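The values are calculated or read from the model by the stated rules, or taken from the named source; none is laboratory data. Treat the numbers as computed from the prediction; the structure is a model and nothing was measured. Neighbour counts run over all protein chains shown; Cβ positions are idealised from the backbone, glycine included. Protein only, heavy atoms only, side chains kept; ligands, DNA and RNA dropped before computing areas. Shrake-Rupley method; radii C 1.70, N 1.55, O 1.52, S 1.80 Å.
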Amino acid sequence: MSAAPIWLYDGVCVLCSGGVRYTLKHERDHAIRFVAIQSREGRSLALANGIDPDTPESFLFIENGQALAKSDGVLALLDHLDGPARLLLAGLLLPKPLRDWLYDRVARNRYRLFGQKTACEMPDPAQRHRFPLPET
């Protein structure tokens with residue numbers, strides 16, 4: 001049996017946190033582990049994959065031992081979901097450089113466009129086992 005997929009996300013980013021809530025609601029298998037980059041495990045995963053955990057430019061989706069960043073990570077995540085976000089899988093029709101360029105525009109401006117929290121929010125207690133939280 002393969003390990004559960006891991007979504008390494010920015011826990012203080014409002015857009016990212018909204019994506020986590022959406023995923024929890026629309027996930028098909030309820031298997032993804034959500035690791036905030038601010039957690040000890042998140043920092044370690046980020047550094048191991050060339051991402052600065054203090055100024056992350058991408059999230060990662062890790063599945064079957066492969067870390068996927070930027071648009072590849074988004075598309076891999078979407079493949080685990082039901083709901084209207086699956087329409088974004090049409091992005092597979094775009095060339096990777098264009099997909100990543102679009103991803104970078106959103107990622108670099110996410111705090112300005114969507115906001116930033118001062119700390120990661122506590123997940124629903126029923127889902128807590130899927131979230132290693134940052135140490136305080």
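Points worth noting:
- Exactly one residue out of Ser71, Ser58 is part of a loop (DSSP other than H, G, I, E, B), in contact (Cβ under 8 Å) with a residue 24 or more places away in the chain and among the small types (Gly, Ala, Ser): that is Ser58.
- Which listed residue, of Leu98, Leu92, is open to solvent by 80 Å² or more (accessible area, probe 1.4 Å) and in a helix (DSSP H, G or I): Leu92
- Checking Arg43 against (1) open to solvent by 10 Å² or more (accessible area, probe 1.4 Å); (2) closer than 19 Å to Arg105 by Cβ, the condition it does not meet: (2)
- Subset of segment 59-86 (residues that are of a type in the set (D, E, K, R) and within 17 Å of Thr23 (Cβ to Cβ)): Glu63, Asp72, Asp79, Asp82, Arg86
- Selected residue (only one of Ser71, Ser58, Ser44 is in contact with an Asp or Glu (Cβ under 6 Å, 6 or more places away or on another chain) and among the hydroxyl-bearing types (Ser, Thr, Tyr)): Ser71
- Of all residues in segment 112-136, those satisfying the criterion of being open to solvent by 80 Å² or more (accessible area, probe 1.4 Å) and either modelled with pLDDT of 85 or more or not acidic (Asp, Glu) (or both) are Arg112, Leu113, Phe114, Gln116, Thr118, Met122, Pro125, Arg128, His129, Thr136.
- Taken as a whole, segment 32-39 holds no residue that is part of a helix (DSSP H, G or I), open to solvent by 10 Å² or more (accessible area, probe 1.4 Å) and either at negative phi or touching a residue at least 60 places away in the same chain (Cβ under 8 Å) (or both).
- Some residue of segment 69-77 being open to solvent by 80 Å² or more (accessible area, probe 1.4 Å) and either over 15 Å from Asp10 (Cβ atoms) or of a type outside the set (D, E, K, R) (or both): no
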